[in-house]
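Engineer: Once you've had a glance at the structure underneath, I'll fire off some questions.
The values are calculated or read from the model by the stated rules, or taken from the named source; none is laboratory data. For clarity, every value in this text was computed on a predicted model and none was experimentally measured. Counting neighbours? That spans all protein chains shown, and the Cβs are built from the backbone with ideal geometry, glycine included. The protein model used for the area step is the full one, side chains on, heavy atoms only, and it has no ligands, DNA or RNA in it. Shrake-Rupley method; radii C 1.70, N 1.55, O 1.52, S 1.80 Å.
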Amino acid sequence: MNGRGIWKKGAPFFLLLLLLIVWESVTVLLKVEEWLFPAPSAIFIEGIESSRTLYGHLISTTELALSGFFIGSCIGLLIAAILHLFPGVKDAVYPLLILSQNIPIIVLAPLLVIWFGFGMLPKLIVISLVCFFPVAVASLDGFRQTPYELKHYFKMMGAGKNQLFWKLELPHSIPFIFSGLKISATYSVMGAVISEWIGAKSGIGVYMTLASSAFRTDRVFVAIFIIMGMSLIFFGIITFLEKYVVSWKRKEGKRDESGN
């Protein structure tokens, strides 16, 4: 691999390393108080020292984020399918879906607590509201962008509306669906943290709230870095699944075309 290839693959890492070096240097040279703006080294040390405490919070947030992501993604895909198969419903409902995204989740969360209490339900609703929209929009785009020639060919073969959807439009939209899933996967972590702010016994959101109230800025940064790391991991998992599923679908299509 030549120098250009190494730079292309490692550029984000080198940039992040440069930012950390500058950050560390500024805090040392200006003698910034740790409670105000801690150095990366202090944040790293605090993260190591708090690892046992953080483990329980991390597990709680991960379970909550994954549950909400799964529910929200399923709802988004279901809504997209209904709106696509019933255009009249889409004309009435789609503008309302867009309006629903203009309501700040942080404002809606206290209302959910009033209506549903402090249990799991309001938290899952918060995460689902964050996750369903990207999947719904991306899926609708995928259904709509199915080539007209293929639709016409299927109709000539006698395919009905349901067959057209299950055998052509849905498989064709898989890359679009994964695009929505990648966005929702990163949003799910944010939604989980926000939901924990409104009432939870454990979780990264709880850890962050306690650290903030105690002016432990280093712990707040530890929580921020954990949230960023979780989002990247979720994104990477969906990207890996996308490559596997899409490549498998392409191989299946080639076998169908060759008649084997």
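Engineer: Scan the range 60-70 residue by residue and report those that are touching a residue at least 60 places away in the same chain (Cβ under 8 Å) and open to solvent by 40 Å² or more (accessible area, probe 1.4 Å). Full working, then the answer.
Structural biologist: To start, the set of residues in the range 60-70 that are touching a residue at least 60 places away in the same chain (Cβ under 8 Å) comprises 60-62, 64-69.
L66, S67 - these are the residues of the range 60-70 that are touching a residue at least 60 places away in the same chain (Cβ under 8 Å) and open to solvent by 40 Å² or more (accessible area, probe 1.4 Å).
Engineer: Suppose the filter is part of a helix (DSSP H, G or I), buried (at least 17 other Cβ atoms within 10 Å of the Cβ) and in contact with a Phe, Trp or Tyr (Cβ under 7 Å, 6 or more places away or on another chain); does L83 pass it? I'd like the intermediate steps shown before the answer.
Structural biologist: Details: part of a helix (DSSP H, G or I): yes; buried (at least 17 other Cβ atoms within 10 Å of the Cβ): yes; in contact with a Phe, Trp or Tyr (Cβ under 7 Å, 6 or more places away or on another chain): yes.
So L83 passes the test.
Engineer: Can you tell me which residue is surrounded by the most Cβ atoms within 10 Å (Cβ to Cβ) among those in the range 86-132 that are of a type in the set (V, I, T) and without any contact (Cβ under 8 Å) to a residue 40 or more places away in the chain? Let's see the steps before the verdict.
Structural biologist: Step one: list which residues in the range 86-132 are of a type in the set (V, I, T), which gives 89, 93, 98, 103, 105-107, 113-114, 125-127, 130.
Going one step further and asking which of them are without any contact (Cβ under 8 Å) to a residue 40 or more places away in the chain, we end up with 89, 93, 98, 103, 107, 114, 125.
Numbers: V89: 13, V93: 14, I98: 11, I103: 11, V107: 8, I114: 8, I125: 21.
Here the residue is I125.
Engineer: If you don't mind, there's one more thing I want to ask. Can you tell me how many residues in the range 202-237 are open to solvent by 60 Å² or more (accessible area, probe 1.4 Å), under 14 Å from T53 (Cα atoms) and either within 15 Å of the chain's Cα centre (by Cα) or without any contact (Cβ under 8 Å) to a residue 60 or more places away in the chain (or both)?
Structural biologist: Adding up the residues that qualify gives 1.
Engineer: Applying the selection to the range 215-250, what residues are farther than 26 Å from K182 by Cβ and either aliphatic (A, V, I, L, M) or part of a loop (DSSP other than H, G, I, E, B) (or both)?
Structural biologist: Going through the range 215-250, the residues farther than 26 Å from K182 by Cβ turn out to be 215-220.
Answer for the range 215-250, where residues must be farther than 26 Å from K182 by Cβ and either aliphatic (A, V, I, L, M) or part of a loop (DSSP other than H, G, I, E, B) (or both): F215, R216, V220.
Engineer: Here's another thing I want to ask about it. E33: open to solvent by 70 Å² or more (accessible area, probe 1.4 Å), out of contact with any Gly (no Cβ under 7 Å at 6 or more places or on another chain), of a type in the set (D, E, K, R) and within 30 Å of P122 (Cα to Cα), yes or no?
Structural biologist: On the way: open to solvent by 70 Å² or more (accessible area, probe 1.4 Å): yes; out of contact with any Gly (no Cβ under 7 Å at 6 or more places or on another chain): yes; of a type in the set (D, E, K, R): yes; within 30 Å of P122 (Cα to Cα): no.
It is false that E33 is open to solvent by 70 Å² or more (accessible area, probe 1.4 Å), out of contact with any Gly (no Cβ under 7 Å at 6 or more places or on another chain), of a type in the set (D, E, K, R) and within 30 Å of P122 (Cα to Cα).
Engineer: With (1) over 30 Å from L85 (Cα atoms); (2) buried (at least 20 other Cβ atoms within 10 Å of the Cβ) as the list, and G180 as the residue in question, which single condition is left unmet?
Structural biologist: (1)
Engineer: Could you please tell me which pairs satisfy a Cβ distance under 6 Å, a separation of 6+ or placement on different chains, a first residue in the range 160-184 that is over 13 Å from L150 (Cα atoms), and a second residue that is open to solvent by 60 Å² or more (accessible area, probe 1.4 Å) and not β-branched (V, I, T)?
Structural biologist: If the second residue must be open to solvent by 60 Å² or more (accessible area, probe 1.4 Å) and not β-branched (V, I, T), the pairs left are K182/F235.
Engineer: Would you please name the residue that is farthest from the chain's Cα centre (by Cα), looking only at residues in the range 48-59 that are of a type outside the set (S, T, Y) and open to solvent by 20 Å² or more (accessible area, probe 1.4 Å)? Steps first, please.
Structural biologist: Of all residues in the range 48-59, those of a type outside the set (S, T, Y) come to 48-49, 52, 54, 56-59.
Cutting the leftovers down to open to solvent by 20 Å² or more (accessible area, probe 1.4 Å) gives us 48-49, 52, 56-59.
Working: I48: 26, E49: 29, R52: 26, G56: 21, H57: 19, L58: 16, I59: 17 Å.
Checking each candidate, the answer is E49.
Engineer: On the basis of being open to solvent by 20 Å² or more (accessible area, probe 1.4 Å), without any contact (Cβ under 8 Å) to a residue 40 or more places away in the chain and out of contact with any Pro (no Cβ under 9 Å at 6 or more places or on another chain), does F154 make the cut? Before you say what the answer is, go through the steps one by one.
Structural biologist: Working: open to solvent by 20 Å² or more (accessible area, probe 1.4 Å): yes; without any contact (Cβ under 8 Å) to a residue 40 or more places away in the chain: yes; out of contact with any Pro (no Cβ under 9 Å at 6 or more places or on another chain): yes.
Taking the combined requirement at face value, the residue satisfies it.
Engineer: Further question on the same structure: Looking at this structure, is L78 at pLDDT 85 or above and either touching a strand residue (DSSP E or B) at 6+ places or on another chain (Cβ under 7 Å) or under 15 Å from S128 (Cα atoms) (or both)?
Structural biologist: On the way: at pLDDT 85 or above: yes; either touching a strand residue (DSSP E or B) at 6+ places or on another chain (Cβ under 7 Å) or under 15 Å from S128 (Cα atoms) (or both): yes.
Here the answer is yes, as L78 does meet what is asked.
Engineer: Further, regarding this structure: State which residue is nearest to F116 (Cα to Cα) when the search covers only the range 183-197 and only residues that are open to solvent by less than 30 Å² (accessible area, probe 1.4 Å) and not polar (S, T, N, Q).
Structural biologist: E196
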